[in-house]
Amino acid sequence: MASVVLRVRLMNGDHLDVTYEDPAAVDDDDVIEHAVAALTDDAGVLRCRHGNRLLVLYARGVAAVEIAPRGAVL
């Protein structure tokens, strides 16, 4: 299972760092492609983690996604 940390900027200007995991992915590039593909559709959703909490991220509320090589700080 591969995972990445995404810094998500919301439509209201706030941002949060979430961890997205994909059990079917082989490497981080596959996870990134799946996350970006899900967020390009208005009806797209991602199940992520923010700390110990499960978070459902809806694409229509996302303004931008930032992915750093070392990941964001949680």
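The values are calculated or read from the model by the stated rules, or taken from the named source; none is laboratory data. Fair warning: this is a prediction, and the values are worked out from it, not measured in the lab. Virtual Cβ from ideal backbone geometry, glycine too; neighbours counted across all protein chains shown.
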Tabulated pairs, segment 38-64, first under 20 Å from Gly13 (Cα atoms), second in a loop (DSSP other than H, G, I, E, B) and aliphatic (A, V, I, L, M), C-beta under 6 angstrom, 6+ apart or interchain = Gly61/Met11; Ala63/Met11
Residues being closer than 7 Å to Ala2 by Cα and surrounded by 16 or more Cβ atoms within 10 Å (Cβ to Cβ): count how many of those fall in segment 17-27.
-> 2
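Quickly run through segment 35-62 and pick out the residues that are assigned to a helix (DSSP H, G or I), β-branched (Val, Ile, Thr) and either within 14 Å of Met1 (Cβ to Cβ) or out of contact with any helix residue (DSSP H, G or I) (no Cβ under 8 Å at 6 or more places or on another chain) (or both).
Across segment 35-62, the qualifying residue is only Val36.
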Which condition does Ile32 not pass, out of (1) loosely packed, with under 15 Cβ neighbours inside 10 Å; (2) outside any strand (DSSP E or B); (3) within 13 Å of the chain's Cα centre (by Cα); (4) in contact (Cβ under 8 Å) with a residue 24 or more places away in the chain, if it passes all the others?
-> (1)
Restricting attention to segment 7-29, which residues are part of a loop (DSSP other than H, G, I, E, B) and either within 16 Å of Glu66 (Cβ to Cβ) or in contact with a Leu (Cβ under 8 Å, 6 or more places away or on another chain) (or both)?
-> Met11, Gly13, Asp14
Out of (1) touching a helix residue (DSSP H, G or I) at 6+ places or on another chain (Cβ under 7 Å); (2) at pLDDT 90 or above, the odd one out for Gly13 is which?
-> (1)
